[in-house]
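Coordinate-derived values only; no laboratory data. Worth saying up front: this structure is predicted, and the values here are computed from it rather than measured. When we count neighbours, we look across all protein chains shown, and the Cβ atoms used for this are built from the backbone with ideal geometry, even at glycine.
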Amino acid sequence: MGIIKPIKILKIKFLILIILSLISHTAFSQIFSADQNPLSVKWRQINVSGFQLIYPVELEKEAQRMANTISYIFPYVGGSLGRQKTSIPIVLQNRGVIANGFVQLAPKKSEFYTTPPQQFDSQDWLNNLAVHELRHVAQFDKLTGGKAHPFPEDVYFAWFGVSLPLWYFEGDAVTIETALTNAGRGRQPSWVMPYRANLLEGKNYTYSKINFGSDKDVTPGYYQLGYLISSAIRKESGRDIFDSVLTDIRNRPLRLYPFSSSLKKFTDRGSKDWFLHTTGILQKEWTAQSQKTTTKTYTVLNKKTSYASSHFLPVKLDDGRILSLKQSKAEAAHFTITDSSKNETKLIGTGYQEQPWFSYANGLIVWDEIRYDPRFRQRSYSVICSYDLQTKKITKLSARSRIFSPSLSMDARRIIAVQFDLSNNCSLIELDAANGKIIKVYPNPGNEILQTPAFDASGTKISFVSVSEKGKALRIIDSDNRITTLIAETQQQITRPIYIKQGIAFNAHYEGIDNVYYIDTATKKISALSASKYGGFNPAYHAPTNQILFNNYSADGYDIAETPFDGKELQKNNFVYFGAAAEKQENTGNVFSNIPDSTYTTRKYKTLGNLFNLHSVAPVIEDEYQGGLQFTSNNLLNTFDFFAGADYHRDLNRFEYSSGFSLKSFYPVFYATYRNRPRRTFYNSQAGIQQGDWREHNFQLQASLPLSLTARNHTYNLSFNTLTSYTERYMGENMPENYIRTLRFPMQYGFTLTHALRAAERDIAPRWAQTLRITYLHQPFDNNLKGNLFAAESFAYFPGIAKNHSFLASFNYQRSSGIRQYDQEISTVYGYNNILAKHRLNNTLLFNYRFPFAFPDAEVGPLAYIRNLRGGLFCHYENIGTETNLGQPKTFGFELRSSMNLLRYQPIVDVGARFVFVNKIYHQNPILELILNYSF
């Protein structure tokens, strides 16, 4: 059997090995944002204490507040790492509606996404971001010494990713955000709830499974893992333990698992041992809490599956069936109706949401979902949609809006929702449910962050949650704009209040576990409506049965449960607070209690004057024969990238010099590249096969227009590309006299159109998607080089015979002539490069069937964490009608693949083998292809 290894890596940079492992899409995630704002955004800047604060003009007030805040709190945030000063740009982004924040190197900067989410901590959103993200800045500075020159950021970032596990990176930041404030996720029972439920249910998942996640089970994740381990380490080893660990890593950088090794040096336990030790503590503490807290067992009203699934926000319809928003590992989010026998009827799929949310009344569903600007994806919107259960009509009630948490009046004629403008001003707005027109805007004189409003039965009063640095409050506003406070500012996680009878039901954690509570609006007495063991959420009242329908959390997700409307006295709060030791060690109190109120000088931030931001020189490995060094520049607004480098060709014993840029400020993206490179060829002559060498100047220009549209759970991508180049050859050695010295502007055009349905976590390929790609190449400006190529590729994905199976049918055609006659621009059969061709490539017909068959979540010591096992069958045809027919595929066979994490690092590695059998007319032995890919 022939064996080949098509491990195709077009360009592997040493520095990329681990950098992007810091990607996540959770709030406070460390991401690389390569997206742009529209050119119409006007930017200003404030420089204070080493911080360069860059912000849109609408955020002047918030920028002044943040300038005071970040310069004041950083010495406290970085204190336990020995960092009192820093230097970093911080970009405030206000065009998007997805709450987030991150810190990165290459280039060194932080970005704060200023629009608050509808469910988060009990403090000001930007304050929350500041304390968390500045801790990451302190971590970077501690490990790198805060150095920015001579341009080592790419290498530093790679080293950072290799040196520190993500659980420490995020867990330490959560520890600080909790210790230095009155809030912080470490004080939220719902945040550690998945971890607690798993342990108390006997699901003792491995270190790798908790860290890297699972395609079948609910896992806590590296944020929670890191907070709990970091808290335990600080409690037993003192305030300065991580200062010592990071100093030791900096002093001894070249080791495998440097964090674990240094941690063991100072504490006698490595990372895995601390995980096991912490697990023992958690089991003991949470078991004791459970024994001291009275809880109830509720009947599950939804169907259970072998994989994690949740039915959010359940509400009973008039016929007794239950409407919910279902999300699972195997299915994308959709509305579903569950009957008394637990049979489910799927309604419609939804788009991406900031959090699971919908409201139902009188046969109508309304919800919010995310839409992106087609070109400038830093700009996104939260739009309101509705669905009529009777007419099956879907309506988009708003466009290019920033509206959240829509809630219907009882007659389904009006909607109350939250709106943010570009200055971060927040207000309650009332809309017409028929057309989305704004009827009324309610005052918010203190500009508090408002969340999850709801009408009372009469439609004249609205309950809502307000958030400020003082905490969360539960308030009511009436039709005359009078505001009544039912619960004053508190550190309780109050969420989603709804009217029931003469009071309001809401979520909170008064007893140390999130549950459903009830406040009488007249007496303000609070009672408990649910007693879930792990967490009760999202109440809805069913008047005919006097029952409360709600989400009861289990280790497998959010189930549907119900309980009689019967309030109970509150129990003692038995919450286990693991951050107490770190809070005592820091001894700062709330760092936001005495923020200065200075007014800083601002000036215009000139986007054209700040195109270049040279930050790195790093080694680049193109392949086994070519490598060198490259200087890299990326500006802070992601609108201009530049590189310059030199590579050595080992086989040619010569250097290549290159430079290029991409300009992304406009609707088209423009690319330009120059290369001065050595080349070699072999040709026939009267003396036999000859070797010829030359150098050449090569200029390339490209324009690309990438557009992307979303409509509910559908995504449409459209792109246009045009590319040309100019090549001048010189210093020919042993070349024929008539060799072509100038290649003048060959033209290439491309068009791609893609449609795809939203995928589930378990999907290994789209289950419903279509792509059409057209390419045309010709030589209109060069009479010496005639020829052209037209290529069309089509890909159609269909659902397979079971969940998460995918079938691909792809037909591809090309026609070529002249110097293009042997080019290949279409997808080829598997094994193409190892089979001697009988004819020029004209068309291919490819059938692929892919499916997962196991999700082992197996930890093989420190070597690998195996996430899934997948199979595939294929049958491929080439040149149908001339070379093969439907009864004679050129190649066919099967493949086995697996996704895994290697050596406890974050990148997901895809490894496998493909067995290719070849039609006997080609006289080719079977081919074994080894597969290796990785993603972040």
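Observations
- Computed from the Cβ-Cβ distance with R0 of 25 Å, the FRET efficiency linking TYR749 to LYS838 stands at 0.25.
- The shape of segment 833-936 can be summarised by an equivalent ellipsoid whose semi-axes, obtained from the alpha carbon gyration tensor, come to 34, 13, 11 Å from longest to shortest.
- Charge tally in the Cβ shell below 13 Å around GLN283, where Lys, Arg are +1 and Asp, Glu are -1, GLN283 excluded: +1
- Each part reduced to its alpha carbon centroid, segment 176-236 and segment 842-877 end up 31 Å apart.
- Among ALA555, THR267, ILE370 - extreme Cα towards positive end, dipole of the chain, charges at beta-carbon: ILE370
- Protection proxy ranking of 248-261, 155-168 - average other beta-carbon atoms within 10 Å, highest first: 155-168, 248-261
- Summed side-chain charge close to VAL77 - residues other than VAL77 whose Cβ falls under 13 Å, Lys, Arg +1, Asp, Glu -1: -1
- Using the Karplus relation 6.51 cos²θ - 1.76 cosθ + 1.60 with θ = phi - 60°, the per-residue 3J(HN,Hα) values for segment 131-145 come to 5, 6, 5, 5, 5, 5, 4, 5, 4, 4, 5, 5, 6, 9, x Hz, with x marking Gly and Pro.
- Highest average packing first - 89-95, 821-827, Cβ atoms within 10 Å: 89-95, 821-827
- MRE, 222 nm, helices only [DSSP H, n ≥ 4, -39500 (n - 2.57), over the chain, to nearest 500]: -5000 deg cm²/dmol
- Separation of the GLN547 and TYR739 label points, Cα + 7 Å toward Cβ, nm: 8.4 nm
- When LYS142, LYS440, LYS392 are arranged by Cβ crowding within 10 Å, least crowded first, meaning fewest neighbours, the order is LYS392, LYS440, LYS142.
- Segment 403-556: projected area of the alpha-carbon convex hull, averaged over directions, in nm²: 10.4 nm²
- Over segment 558-644, equivalent-ellipsoid semi-axes from the Cα gyration tensor in Å: 52, 28, 20
- Efficiency of FRET between THR460 and LEU718 - r from beta-carbon atoms, R0 60 angstrom, step 0.05: 0.80
- Backbone N under 15 Å from the ARG680 label point (7 Å along Cα→Cβ), restricted to segment 715-740: 733-735
- Two-decimal log10 I(q)/I(0) for the chain, as the Debye equation yields it once each C-alpha is a single scatterer, q = 0.07 Å⁻¹: -0.66
- In this simple spin-label approximation, VAL576 and THR673 carry label points 7 Å from Cα along the Cα→Cβ vector, and these lie 5.5 nm apart.
- Only Lys, Arg (+1) and Asp, Glu (-1) charged, at Cβ; the chain dipole about Cα centre in debye: 640 debye
- Net length gained if the chain between LYS440 and TYR730 were fully extended (0.36 nm per residue, minus Cα distance): 97.1 nm
- Charged side chains reduced to their Cβ positions (Lys and Arg at +1, Asp and Glu at -1) give segment 667-827 a dipole of some 340 debye around its Cα centre.
- In degrees, nearest ten, helix 258-267 long axis to first principal axis of the chain (Cα): 40 degrees
- Positive dipole terminus of the chain, leading residue within TYR730, TYR442, PRO220 (C-beta point charges): TYR730
- Available extension along the chain between TYR922 and LEU317 is 211.4 nm, counting 0.36 nm per residue and deducting the alpha carbon span.
- Positive contributions from Lys and Arg (+1) and negative ones from Asp and Glu (-1), summed over other residues with Cβ under 11 Å from the Cβ of GLN224, come out at +1.
- R0 of 45 Å, Cβ-Cβ distance PHE915-ARG815: FRET efficiency to nearest 0.05: 0.90
- Distance between the modelled labels on PHE666 and ARG482, one decimal in nanometres: 6.0 nm (7 Å Cα→Cβ projection).
- Among the listed pairs LYS284/LYS525; LYS342/LYS525; LYS470/LYS533; LYS142/LYS203; LYS216/LYS342, those beyond 25 Å (Cα-Cα): LYS284/LYS525; LYS342/LYS525; LYS470/LYS533; LYS142/LYS203
- Basic side chains Lys and Arg get +1 at the Cβ, acidic Asp and Glu get -1 at the Cβ, and with that the dipole of segment 67-218 about its Cα centre reaches some 160 debye.
- Here the gap between TYR600 and ALA522, fully extended at 0.36 nm per residue and compared with their Cα-Cα distance, gives a gain of 23.4 nm.
- Among 42-48, 365-371, the peptide with the highest mean count of other Cβ atoms within 10 Å heads the list, and the full ranking is 365-371, 42-48.
- q = 0.18 Å⁻¹, segment 667-827: log10 I(q)/I(0) [Debye, one scatterer per Cα]: -1.15
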